[in-house]
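The values are calculated or read from the model by the stated rules, or taken from the named source; none is laboratory data. These numbers come from a predicted model, not from an experiment. As a convention, Cβ positions derive from the backbone with ideal geometry for all residues, glycine included, and neighbour counts pool all protein chains shown. All accessible areas refer to the heavy atoms of the entire protein, side chains included, with ligands and DNA or RNA removed. Shrake-Rupley method; radii C 1.70, N 1.55, O 1.52, S 1.80 Å.
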Amino acid sequence: MGVLANHRYVKMNGIGNEIVVVDLRKDAKPATIGADEARAAAKPAGAPYDQLMALYPPRLAGTDAYVRIYNNDGSEAGACGNGMRCIASLVADENGKRTLAFETAAGILNCWRNADGRFTVDMGAPRFKWNEIPLAEEFRDTRMIELQIGPIDNPVLHSPSAVSMGNPHAIFWVDDVAAYDLRKFGPLLENHPIFPERANITLAQIVSREHIIIRTWERGAGLTRACGSAACAAAVAAARLRRTERKVKVSLPGGDLDIEWRDKDDHVLMTGAAELEGEGVFDAALFEKAAT
């Protein structure tokens, strides 16, 4: 029947990013969640989500859990900043610790609770080399790459910045993020051949040297109210272009995140809220077809 049948889940909200958390740390033999199973869990009769965060027993000393991250299309993600804040909130409430560490596909991510109750996630250092993002062809300067949508002489979107925050991002600089049909362009750009592992597609608007507005089409999840790694990628890309400072507020449809690209070690810190929405148990009937 799979891993999730009859399993308890917690539904959370990371500034509009719908997160479902499944704690497998105490299961006798926690198994990998299959793609069909992850898709089934996201159905309206299940617990619709942008990302599902599965907690496994820690594999490395000093970490609180090993985390696998699933998009609602069943694919796995390397990073999810909003989801990390959500699981940090749950685990901190459970064990009373203010500082936690989680192993993910993107490496070990450290999280801590601030005095105001919000959580900060150290998303690690961004990657800029074309083959680390990755891109399908070499670009010596990924601050702007050759990519456009629309007529050659009058493109609708063009020259995005490319960066990896543990997952690939393309950031298109626009005057007004609301002026574009991201639901139309997002799928085309996510699956463009230049991105061999697909990409998160973000429209970014510079308000000031301390403020950016973004909207994101999230790889494997679609149009989202919030994407923490996209906020980090946009902040880093803007600073690389010298359009902003290294510490900015990033406004997303679901709320604001504080992003700092730290000088001393190049790490990106993301600070924001995490809210509990409720909990439930997955109906085994959801996964009958997924198990066949």
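Distance between the 7 Å Cα→Cβ label points at GLU210 and LYS43: 5.0 nm. Given the stretch 134-277, what percent of its DSSP beta bridges are antiparallel, to the nearest 5? Here the antiparallel bridges make up roughly 75 percent for the stretch 134-277. For the stretch 101-179, a Kirkwood hydrodynamic radius built from all Cα pairs, placed in the Stokes-Einstein relation at 4 °C and 1.567 mPa s, yields a translational diffusion coefficient of 86 µm²/s.
Percent of Cα pairs in the chain per distance bin of 5 Å, from zero to the largest separation: 1, 6, 13, 17, 18, 17, 12, 8, 5, 2, 1, 0, 0.
Percent of accessible area on the stretch 204-247 owned by carbon and sulfur, 1.4 Å probe?
Of the solvent-accessible surface of the stretch 204-247, carbon and sulfur hold 45 percent.
Here r is the Cβ-Cβ distance between ASN131 and ASP181 and R0 is 35 Å; the resulting FRET efficiency, rounded to 0.05, is 0.65. Accessible area per residue for the stretch 26-108 is 41 Å², calculated with a 1.4 Å probe on protein heavy atoms, without ligands, DNA or RNA. Once C-alpha pairs closer than 8 Å and six or more residues apart are averaged by separation and normalised to the residue number of the chain, the relative contact order reads 23 percent. Straight-distance candidates among the lysines for linking to LYS247, with alpha-carbon spacing under 22 Å and chain neighbours fewer than 8 residues away dropped: LYS264. Shape of the stretch 4-66 from the C-alpha gyration tensor: oblate (a/c of 1.5 or more and a/b not above b/c, with a ≥ b ≥ c the square roots of its eigenvalues).
A simple spin-label model places pseudo-atoms 7 Å from Cα toward Cβ; at ASP73 and LYS26 they are separated by 3.6 nm.
Counting 0.36 nm for each residue step from ARG140 to ASN6 and taking away their Cα separation leaves a gain of 43.2 nm. If the segment from ALA115 to ALA35 were pulled out straight at 0.36 nm per residue, it would be longer than the present Cα-Cα gap by 25.0 nm.
Taking the helices alone, the chain has a mean residue ellipticity at 222 nm of -4500 deg cm²/dmol, built from -39,500 (n - 2.57) per DSSP H run of at least 4 residues and averaged over all its residues. Principal axis extents of the C-alpha atoms in the stretch 204-285 (largest first, rounded to whole Å): 53, 25, 19.
The listed peptides 177-185, 266-274, ordered by packing as a protection proxy, come out as 266-274, 177-185 (highest mean of other Cβ atoms within 10 Å first).
Annotation for ARG98 and ASP265: the two label points, set 7 Å from Cα along the Cα-Cβ direction, are 1.8 nm apart. Shape analysis of the stretch 1-115 yields a ratio of the Cα radius of gyration to the Kirkwood radius, Rg/Rh, of 0.94. Taking the protein heavy atoms of the stretch 1-70 in the context of the full set of protein chains, the accessible area attributed to carbon and sulfur is 52 percent at 1.4 Å. Between the helical axis of 81-95 and the longest alpha-carbon principal axis of the chain there is an angle of about 30 degrees. Panel values: the stretch 138-292, Kirkwood radius from alpha carbon pairs, Stokes-Einstein at 4 °C and 1.567 mPa s, translational diffusion coefficient 78 µm²/s.
Taking a probe of 1.4 Å, how large is the accessible area per residue of the stretch 137-206, in Å²?
I get 50 Å² per residue for this part.
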